[in-house]
Amino acid sequence: MRQKVVIISSSPRRNGNSEILCNQFLKGAKEAGCEVEKINLNDYTIQPCLACEYCRRHQNICCQKDDANKIIQKMIDADIWVLSSPVYFYSISAQMKLLIDRFFAREYEMRESQKRKKVYYIITSGASDLSEHTATIESLRGFIQVLRTVDEAGIMNGAGAFLKGDVLKHPAYQSAYEMGKQMKEMEEDL
Ligand SMILES: Cc1cc2nc3c(=O)[nH]c(=O)nc-3n(C[C@H](O)[C@H](O)[C@H](O)COP(=O)(O)O)c2cc1C
């Protein structure tokens, strides 16, 4: 069975460094035979979680009718997630944070899921010091840890890529493609 991969690209800068790495992963994963969809969060309307707990009283249905629900559903239906963010002030982009908080509505359902997923992180930053990525990665890890049914499978760091396109000269450019291609081996392992 073809593996379903959903790539969440959360930078508002189109064709920027993190999206370039997402595209490389996508190319590799497609060549490996996966069904891949990339979602640019900035193209969608995602309101912040209201913490109203409507979802807790209404079978995990969020009271807000915007694009978050369909993006989250695609993620729930997928086997593999790629979460991508630029480092913004040592953390994830606001677009990624909005999406993560909206998972509040589906949190318990995810925890009870019988099917495990895998997650990859793609992070880019202007600073070449990798320690600049720590808090960003930990933010994503905190989210994944709460869901309990998603296993971290890899991280692609594009550090030292400040200007749009800098990552084209970075070793991560090739590695992101190879990481996507690994999906083939994973499929063979199943
Ligand atoms: C609002 C903002 C905050 C940023 N904060 C950091 C930071 O804390 N550390 C860093 O190394 N780079 C920082 N950068 C640089 C970006 O992480 C870097 O340019 C990255 O490659 C952008 O990825 P993108 O092209 O996919 O948007 C920041 C950029 C912006 C616009």
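One table, with the values for the structure above:
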quantity: Acute angle (nearest 10 degrees) that the helix 68-77 long axis makes with the longest principal axis of the chain, alpha-carbon atoms; calculated: 80 degrees
quantity: Student exercise, region 29-79 dipole from Lys, Arg, Asp, Glu Cβ charges, in Debye to nearest 20; calculated: 260 debye
quantity: Protection proxy ranking of 163-174, 20-31 - average other beta-carbon atoms within 10 Å, highest first; calculated: 20-31, 163-174
quantity: Cα→Cβ-extended label distance, 7 Å offset, between Ala127 and Asn42, nm; calculated: 2.2 nm
quantity: Estimated [θ] at 222 nm from DSSP helical runs (n ≥ 4, -39500 (n - 2.57)) normalised by residues in the chain, nearest 500; calculated: -11500 deg cm²/dmol
quantity: The chain - accessible surface per residue (Å², probe 1.4 Å); calculated: 50 Å²
quantity: For region 40-190, alpha-carbon Rg relative to the globular expectation (2.2 N^0.38 Å, N residues); calculated: 1.11
quantity: Approximate spin-label separation Glu152-Tyr54, in nm, with each point projected 7 Å along Cα-to-Cβ; calculated: 3.4 nm
quantity: Dipole of the chain, positive direction: furthest Cα of Pro48, Ser84, Leu147, with charges on the beta-carbon; calculated: Pro48
quantity: Qualifying lysines (Cα of each under 16 Å from Cα of Lys74; at least 8 residues distant if same chain); calculated: Lys4, Lys38, Lys65, Lys115, Lys117, Lys118
quantity: The chain - charge dipole about Cα centre, Lys and Arg +1 at Cβ, Asp and Glu -1, debye rounded to 20; calculated: 400 debye
quantity: Share of carbon and sulfur in the accessible heavy-atom surface of the chain [1.4 Å probe, %]; calculated: 51 percent
quantity: Label point distance in nm, Met1-Tyr108, each placed 7 Å from Cα along Cα→Cβ; calculated: 2.6 nm
quantity: Translational D in µm²/s for region 1-71 (Stokes-Einstein at 4 °C, 1.567 mPa s, Kirkwood Rh from C-alpha pairs); calculated: 91 µm²/s
quantity: Positive-end residue, the chain charge dipole about Cα centroid, Cβ charges, pick of Met183, Gly160, Ser113; calculated: Ser113
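The values are calculated or read from the model by the stated rules, or taken from the named source; none is laboratory data. Keep in mind that what you see is a predicted model, and the values were worked out from it rather than measured. Neighbour counts run over all protein chains shown; Cβ positions are idealised from the backbone, glycine included. In case anyone asks, the SASA skips ligands and DNA or RNA and just uses the protein heavy atoms, side chains included. Shrake-Rupley method; radii C 1.70, N 1.55, O 1.52, S 1.80 Å.
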